[in-house]
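Scroll down for the structure; my scribbles are underneath it.
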């Protein structure tokens, strides 16, 4: 089996040590870093995402695979940066102001990284200004917002209003998610997308970035 | 009546089925080995790191009216606003697992131990509900012993941040309850630290008072509608 397939299959099984070992081997063998990323690590996570959506594996399996992906990425990232290989896009994520619950947002960040995005995680209790200013500064394509409380989810509207006020809504798309949030609420506040769960959030972000 | 409650770990052992369900794992009779191992490790960490405590404090309807009004940011009509006025007894409560477990969850994520961090988060979320249940049982026993219950009395917990009770309501709730006695504090945005803490009001009264239709204006924006299950559980 070729090295990239070894990376991909070990990643699928959540075997982080093997993924690291084969990523190192691929680098030593001068396999182009973009190929290691696309055909090894991202391909593996892509399969994991599909299995998860098909209910063939569970969330803990996805997270074990993500850890394996990160072990390979940690080795590969300095080379990707050195060679100026861009990611497929930057996404700024955070939990909305007033909310400290960040597990859901963390899961989305992990899955987005697994799909090849650069993720700038602003943490929790993030003000609308911080979301917008950081996304502009980083030239991010998408802002992802999470909320767990029905009372704090209204803060998502403020981010979207601020993007509109500053004339940025065309270039920076928005996606929202979290337990109390729905597709209907996303439409009502003018968000560009709603992520039901981490896997669907990744699909929607991919779609948003393709639309640009 | 105001009481600080100390719980033992064995009394708040989280329900494995609920934890697995929250992780999306539905595999009767046994989950895969890897997931079982994560669950065992999480339970072990939960046992070592949790310091479960709570406070309950009885409050009159007129006092609660002041607490509930909070910072004036509640929705105009809410279920709690209708329910508490018909209650027989009320008590404010808070419960926590202490700082250690929240810190550990953050550390695990920083170390890329996402699966273990996420499992521990589920275990802790279920664990803190158990602490709140113990606090509720204390209130129930207190009411029962003091002859303040009838066969139709039911107690339910309601918390700021849900169903139109604005999260800023925590401020007045904390001013009354003084959770600093068990090392819970509020952030500027009215959230509790440690994160694995809960607070709210326990409302005791005939079970009918807890029934409401989830057709308040804000209900359309809620995808959870967990109130339906809660109301159904009243027997």
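Each reported figure results from applying straightforward, stated rules to the coordinates on display, with no laboratory input. What you see is a predicted model; the values in this text were computed from it and never measured. Here the Cβ is made from the backbone with ideal geometry for all residues, glycine too, and neighbour counts use every protein chain on show.
The angle separating the long axis of helix B:33-49 from the principal Cα axis of greatest extent in chain B is about 60 degrees.
Report relative contact order for chain A in percent, whole number only (criteria: Cα-Cα under 8 Å, sequence separation at least 6).
Across chain A, relative contact order equals 17 percent.
The C-alpha atoms of chain A define a longest principal axis, and helix A:43-53 lies at about 50 degrees to it. Build a GNM of chain B with springs between Cα atoms under 10 Å apart, and of B:105, B:12, B:35 the one that fluctuates most is B:35.
Take the Cα of residue B:10, step 7 Å along the line toward its Cβ, and report every residue of the range B:113-154 whose backbone nitrogen sits under 19 Å from that point. Output list for this probe position: B:127, B:130-131, B:134-135. Built from the Cα atoms of the range A:3-82, the convex hull projects on average onto 4.4 nm², one quarter of its surface area. Each helix, a run of at least 4 DSSP H residues, gives -39500 (n - 2.57); summed and divided by the residues of the protein assembly as shown, these come to -14500 deg cm²/dmol at 222 nm.
If the segment from residue A:129 to residue A:35 were pulled out straight at 0.36 nm per residue, it would be longer than the present Cα-Cα gap by 30.1 nm. Ordered by the number of other Cβ atoms lying within 10 Å of each residue's own Cβ, fewest first, B:128, B:209 fall into the sequence B:209, B:128.
State the Kirkwood hydrodynamic radius of chain B in Å, one decimal place, computed from all pairs of distinct Cα atoms. Value: 18.8 Å, from the Cα pair sum. The simple Förster model, with R0 at 35 Å and r as the Cβ-Cβ distance, assigns residue B:88 and residue A:197 a FRET efficiency of 0.25. Distance between the pseudo-spin-label points of residue B:103 and residue B:180 (7 Å out from Cα toward the beta carbon): 2.1 nm. Calculated on the alpha-carbon coordinates, the convex hull of the range A:90-211 measures out at 82 cubic angstrom per residue.
Dividing the mean sequence gap of close Cα pairs (under 8 Å, 6+ apart) by how many residues chain B holds gives a relative contact order of 28 percent. Here the Debye sum runs over all C-alpha atoms of the range A:48-154 as equal scatterers in vacuum, and log10 of I(q)/I(0) at q = 0.17, 0.22 Å⁻¹ comes out as -0.89, -1.18. When chain B is treated as a Gaussian network with alpha carbon springs shorter than 10 Å, the biggest mean-square fluctuation among B:174, B:216, B:139 belongs to B:216. Listed from fewest to most Cβ neighbours within 10 Å, the set B:51, A:110 follows the order B:51, A:110. When the Cα atoms of the range B:1-138 are aligned to their principal axes, the ranges along those axes come out at 54, 32, 31 Å in descending order. Mean projected area of the convex hull spanned by the Cα atoms of the range B:117-235, taken over all viewing directions: 9.0 nm².
Once the piece of chain linking residue A:87 and residue A:211 is laid out straight, how much longer is it, given 0.36 nm per residue of separation minus the C-alpha distance between them?
43.0 nm
Across the range A:3-82, Cα pairs under 8 Å and at least six residues apart give a relative contact order of 44 percent.
Note on the range A:60-97 and the range B:2-17: Cα centroid distance 38 Å, given to the nearest whole angstrom. With a ≥ b ≥ c the root eigenvalues of the C-alpha gyration tensor of the range A:149-212, is it rounded (a/c under 1.5), prolate (a/b larger than b/c) or oblate? Judged from the Cα gyration tensor, the range A:149-212 comes out oblate (a/c at least 1.5, b/c at or above a/b).
Centre-to-centre separation between the Cα atoms of the range B:110-151 and those of the range B:186-235: 14 Å. Principal-axis analysis of the Cα atoms of chain A puts helix A:103-114 at an angle of about 50° to the longest axis.
Which of rounded, prolate or oblate describes chain A when judged by the alpha-carbon gyration tensor and an a/c cut-off of 1.5?
prolate
For the pair residue B:41 and residue B:152, the difference between a 0.36 nm per residue extended length and the Cα-Cα distance amounts to 35.8 nm.
Mean 1/r over all different Cα pairs, inverted: what Kirkwood radius does the protein assembly as shown give, in Å? Evaluated on the protein assembly as shown, it is 23.4 Å. In terms of the Cα gyration tensor, with a ≥ b ≥ c the square roots of its eigenvalues, is the range B:111-158 rounded because a/c is under 1.5, prolate because a/b exceeds b/c, or oblate? The shape class here is prolate. Taking the fewest neighbouring Cβ atoms within 10 Å as the starting point, the ordered list for A:148, A:20 is A:20, A:148.
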